[in-house]
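*Asks:* Got a structure for you, written out below as C-alpha cells; questions coming shortly.
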Amino acid sequence: MRYILILLLLSNQLLFGQNNNWSFDITTVKIDGYVFSSLIKTPNDNVILGSHNKTIYFFNDNGEIIKSYKTGGWIHATPNILSDSSVVIGSYDGNIYFFTQTGELLNKIKPGGSIFTEIVESDNKLFFGTNKGRICSYNLTNKRLNVLNVNKLVHGTPRVLSNGNIIIGSNNKEIIIIDKNENILSKFKTNGWIMHSKPLELSNNNIIFGSYDNYLYNITPDGNLIWKFKTGGKIHSSPIETKDGIIIVGSYDGNIYFLSKKGKLINKFKTQKKIISSVTILNDSVVIVGSFDKHIYFLSNKGDLLKTIKVNGRIFSSPVVLNNGNIVFSTIGGEVLFIKPRNNIYSKN
C-alpha cells in the first residue's frame with residue numbers, strides 16, 4: 001500500500017469568493033485508483049471510503065491511513081455503519097465485508113452479483129442492489145438471502161424510511177418501496193435511470209429523489225406525484241433539506257438548485273461543470289458541494305457564493321464534516337482532502 005502525505009497551506013491564490021476572512025489548512029492523502037465511493041465518518045471521527053483499486057481505507061481525523069483492506073473487486077459503493085457499530089461495504093467481487101470502525105475484518109458473505117449500492121439495515125436485515133437486476137435482503141439472524149428481481153441493474157442508493165420500509169431506484173427507471181419482507185408496496189415510473197440519488201424523506205413522509213430524465217420528483221409513499229421540477233441535466237446527486245425547509249440538489253447541467261418545499265425555484269448557482277456530488281450541510285446557513293470543475297463551493301443556504309477552493313481533480317463523491325469541524329472531500333483521481341478551517345467558519349453568516 002503506497003500513499004503520499006502532503007501538507008498544503010492553502011494560499012490566497014486558491015481562495016476566492018465573497019468571504020476573504022476564511023482560510024484553511026489542507027492535508028492531502030494520495031491513494032491509488034479512482035474513487036467513486038462517498039466518505040463516511042465514525043462517531044470518533046475516523047473516515048472510511050472505498051476505491052476502484054479494490055481497497056477500503058480507514059483514516060483518522062488527521063488524514064493518516066490507520067488501516068486498509070484489499071478485496072477482490074472494485075469498491076464503488078459507499079460504506080455504512082450498522083446498529084451493532086460494525087462497518088459494512090459491498091464490492092464488485094460479490095462479497096459484503098464487515099469491519100470494526102478501525103478497519104479490522106470481522107466477516108464477509110457472498111450473496112451473489114456485484115454490489116453497486118450502499119447497504120442499509122432494517123429490522124436486522126441488510127438491503128442492497130446488484131448488477132444482476134436484484135434488490136436483495138440478507139437476514140443477519142438466520143443468514144437467509146431473499147431476492148426481488150427488477151430486470152435491470154440496481155444502482156440507486158437505498159434509504160430506510162421512518163416506518164422501516166425501504167426505498168430504492170434502479171435502471172428500470174422506477175423507484176420502488178418495499179417492506180421488510182420484500183413485498184412491493186408502491187412504484188413510481190420515471191423516464192430515466194435512477195442512479196446514486198438517495199431519496200429524501202420529508203417530515204410529512206413524502207419523498208424527493210432525482211432521475212436521469214432531468215427531473216427532481218416529489219411523491220407520496222403510495223407512489224402519487226405531488227410535483228416535479230425540471231433541471232437542464234441528469235440528476236445523480238442526492239437532494240437535501242435545510243433547517244429552513246429549502247430543498248437543494250445538483251444537476252449535470254452544472255447548477256445547484258435551491259427549491260421551496262412546493263417545488264418552486266428560489267435560486268440556482270452555476271458551476272463550470274456537472275454536479276454529481278451531493279450537497280452537505282455545514283451549518284444552519286452554509287452548505288458545501290464539489291464539482292467536476294475541480295472546485296469546492298461554500299454557499300449560503302439561499303444559493304449565494306461564500307468561498308471556493310480549487311483542487312487537483314474532479315469531485316464525484318460527497319463530503320463529510322467531522323465532529324472536530326474538519327471537512328473531508330475526495331477526488332476521482334484518488335486524492336483525499338482533509339480541510340481544517342483556520343478560523344471560525346461555523347458561525348452564522
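*Asks:* Going residue by residue through region 309-316, is there one that turns out to be under 20 Å from residue 27 (Cβ atoms) and in contact with a helix residue (DSSP H, G or I) (Cβ under 8 Å, 6 or more places away or on another chain)?
*Replies:* Yes: region 309-316 contains one or more residues that are under 20 Å from residue 27 (Cβ atoms) and in contact with a helix residue (DSSP H, G or I) (Cβ under 8 Å, 6 or more places away or on another chain).
*Asks:* Same structure again: Just wondering, is there one or more residues in region 185-199 that are more than 22 Å from residue 248 (Cβ to Cβ) and among the aliphatic types (A, V, I, L, M)? Working first, answer last.
*Replies:* Here is the first cut: in region 185-199, the ones more than 22 Å from residue 248 (Cβ to Cβ) are 185-187, 189, 191.
Filter once more, keeping what is among the aliphatic types (A, V, I, L, M): 185.
Taking every residue of region 185-199 in turn, at least one turns out to be more than 22 Å from residue 248 (Cβ to Cβ) and among the aliphatic types (A, V, I, L, M).
*Asks:* Inside region 87-117, can you point out the residues that are part of a loop (DSSP other than H, G, I, E, B) and closer than 21 Å to residue 43 by Cβ? Write out each step before concluding.
*Replies:* Step one: of region 87-117, the residues part of a loop (DSSP other than H, G, I, E, B) are 91-95, 100-104, 110-114, 116-117.
Residues satisfying the conditions are 100, 101, 102, 103, 104.
*Asks:* Looking at region 259-281, is at least one residue in contact (Cβ under 8 Å) with a residue 40 or more places away in the chain and on the phi > 0 side of the Ramachandran plot?
*Replies:* Taking every residue of region 259-281 in turn, at least one turns out to be in contact (Cβ under 8 Å) with a residue 40 or more places away in the chain and on the phi > 0 side of the Ramachandran plot.
*Asks:* Taking the condition of a type outside the set (Asp, Glu) and modelled with pLDDT under 85, does residue 122 pass?
*Replies:* On the way: of a type outside the set (Asp, Glu): yes; modelled with pLDDT under 85: no.
No.
*Asks:* When you scan region 173-187, how many residues do you find that are at pLDDT 90 or above and either under 20 Å from residue 240 (Cα atoms) or not in a strand (DSSP E or B) (or both)? So that I can check it myself, show each step before the final result.
*Replies:* Pass one, region 173-187, residues at pLDDT 90 or above: 173-179, 183-187.
When the remaining residues are screened for being either under 20 Å from residue 240 (Cα atoms) or not in a strand (DSSP E or B) (or both), the result is 173, 175-177, 179, 183.
Matching residues across region 173-187 total 6.
*Asks:* Further question on the same structure: Take region 224-251 and flag every residue that is surrounded by 20 or more Cβ atoms within 10 Å (Cβ to Cβ), assigned to a loop (DSSP other than H, G, I, E, B) and not polar (S, T, N, Q).
*Replies:* Within region 224-251, 234, 235, 236, 239 qualify.
*Asks:* Looking at the structure I just gave you, is residue 156 assigned to a strand (DSSP E or B) and modelled with pLDDT under 90?
*Replies:* Numbers: assigned to a strand (DSSP E or B): no; modelled with pLDDT under 90: yes.
Judged against the criteria, residue 156 is not a match.
*Asks:* Let me ask something additional. Checking the conditions here, which among 211, 203, 285 is surrounded by fewer than 23 Cβ atoms within 10 Å (Cβ to Cβ), on the phi < 0 side of the Ramachandran plot and in contact (Cβ under 8 Å) with a residue 24 or more places away in the chain? Steps first, answer last, please.
*Replies:* On the way: 211 fails: surrounded by fewer than 23 Cβ atoms within 10 Å (Cβ to Cβ); 203 fails: in contact (Cβ under 8 Å) with a residue 24 or more places away in the chain.
The unique qualifying residue is 285.
*Asks:* Follow-up. Mind checking which strands (runs of 3 or more DSSP E) fall wholly inside region 273-344 and carry at least 2 residues that are under 19 Å from the mean Cα position of the chain (by Cα) and more than 19 Å from residue 42 (Cβ to Cβ)?
*Replies:* Details: elements: 286-290, 295-300, 305-310, 327-330, 335-341.
Qualifying strands (runs of 3 or more DSSP E): 286-290, 295-300.
The values are calculated or read from the model by the stated rules, or taken from the named source; none is laboratory data. Because the structure is a prediction, the values reported are computed rather than measured. All Cβ positions, glycine included, derive from the backbone under ideal geometry; neighbour counts span all protein chains shown.
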